[in-house]
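**Student:** Okay, handing you the structure first.
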Amino acid sequence: MQTAAVNLAKECQVAIMRSINRVVLSSLAALALVSLVGFSARANKKPPAAPIDLNTATIEQLEQLPGVGPVTAKRIIDMREKSGPFHKVEDLLAIRGIGPKRLGKIRPYVIVSPPPKKN
């Protein structure tokens, strides 16, 4: 009688572990799919047709740039608001997450408008 109860408990434990494994594997597969879709969307992002002015661009416009997502776009806007207008494209190097390699991808698609002339 006790052996039957132990065997039943072991069978239940095995069934529970199999269910857990299925849930974990399904979750991992879904996560992998979401990651691939996100990566594919970023990889297929088309750069802007016309250069974007760093001193007037919105977050949405900056996100069109290669290698720039919402976080980097916000950092660009934050720097502009804190430090004033950009004077040259290379000023982007002061932003965390933008190094020479990323700047090289961005450079063809951005401009810096001259500051307004003072009277």
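The values are calculated or read from the model by the stated rules, or taken from the named source; none is laboratory data. Source: prediction; values computed, not measured. So basically every Cβ, Gly included, is an ideal-geometry build from the backbone, and we count neighbours across all protein chains shown.
**Student:** Of the residues that make up the range 30-50, is at least one modelled with pLDDT of 85 or more, exposed (fewer than 12 other Cβ atoms within 10 Å of the Cβ) and of a type in the set (Lys, Arg)? Walk me through how you get there before you give the answer.
**Tutor:** Start the filter on the range 30-50 by keeping residues that are modelled with pLDDT of 85 or more, which leaves 46-50.
Next, only the ones that are exposed (fewer than 12 other Cβ atoms within 10 Å of the Cβ) stay: 46, 49-50.
Okay, now just the ones that are also of a type in the set (Lys, Arg), so 46.
Yes, because at least one residue in the range 30-50 is modelled with pLDDT of 85 or more, exposed (fewer than 12 other Cβ atoms within 10 Å of the Cβ) and of a type in the set (Lys, Arg).
**Student:** Can you tell me which residue within the range 41-56, out of those that are in a loop (DSSP other than H, G, I, E, B) and in contact (Cβ under 8 Å) with a residue 24 or more places away in the chain, is nearest to PRO114 (Cα to Cα)? Working first, answer last.
**Tutor:** From the range 41-56, those in a loop (DSSP other than H, G, I, E, B) are 44-51, 54-56; that's our starting set.
Among the residues that remain, those that are also in contact (Cβ under 8 Å) with a residue 24 or more places away in the chain are: 47-48, 51, 54-56.
Working: PRO47: 23, PRO48: 21, PRO51: 14, LEU54: 11, ASN55: 9, THR56: 11 Å.
My answer is ASN55.
**Student:** Check VAL110, VAL68 and return the single one that is surrounded by 11 or more Cβ atoms within 10 Å (Cβ to Cβ), in contact with a strand residue (DSSP E or B) (Cβ under 6 Å, 6 or more places away or on another chain) and aliphatic (A, V, I, L, M). Walk me through it before giving the result.
**Tutor:** Details: VAL68 fails: in contact with a strand residue (DSSP E or B) (Cβ under 6 Å, 6 or more places away or on another chain).
The unique qualifying residue is VAL110.
**Student:** Go through (1) closer than 16 Å to ALA49 by Cα; (2) charged (D, E, K, R); (3) surrounded by 15 or more Cβ atoms within 10 Å (Cβ to Cβ) one by one and return the number of the condition GLU60 breaks.
**Tutor:** Among (1) closer than 16 Å to ALA49 by Cα; (2) charged (D, E, K, R); (3) surrounded by 15 or more Cβ atoms within 10 Å (Cβ to Cβ), GLU60 violates only (3).
**Student:** Go through the range 101-117 and give me each residue that's touching a Leu at 6+ places or on another chain (Cβ under 9 Å) and in a loop (DSSP other than H, G, I, E, B).
**Tutor:** Passing the criteria: VAL112, SER113.
**Student:** So which pairs qualify, if the first residue must be in the range 71-95 and assigned by TED's automatic domain parsing to the domain that holds LYS105 and surrounded by 12 or more Cβ atoms within 10 Å (Cβ to Cβ), the second must be assigned to a helix (DSSP H, G or I) and among the basic types (Lys, Arg), the Cβ gap must be under 6 Å, and the two must be at least 6 apart or on different chains?
**Tutor:** VAL89/ARG107; ILE95/ARG75
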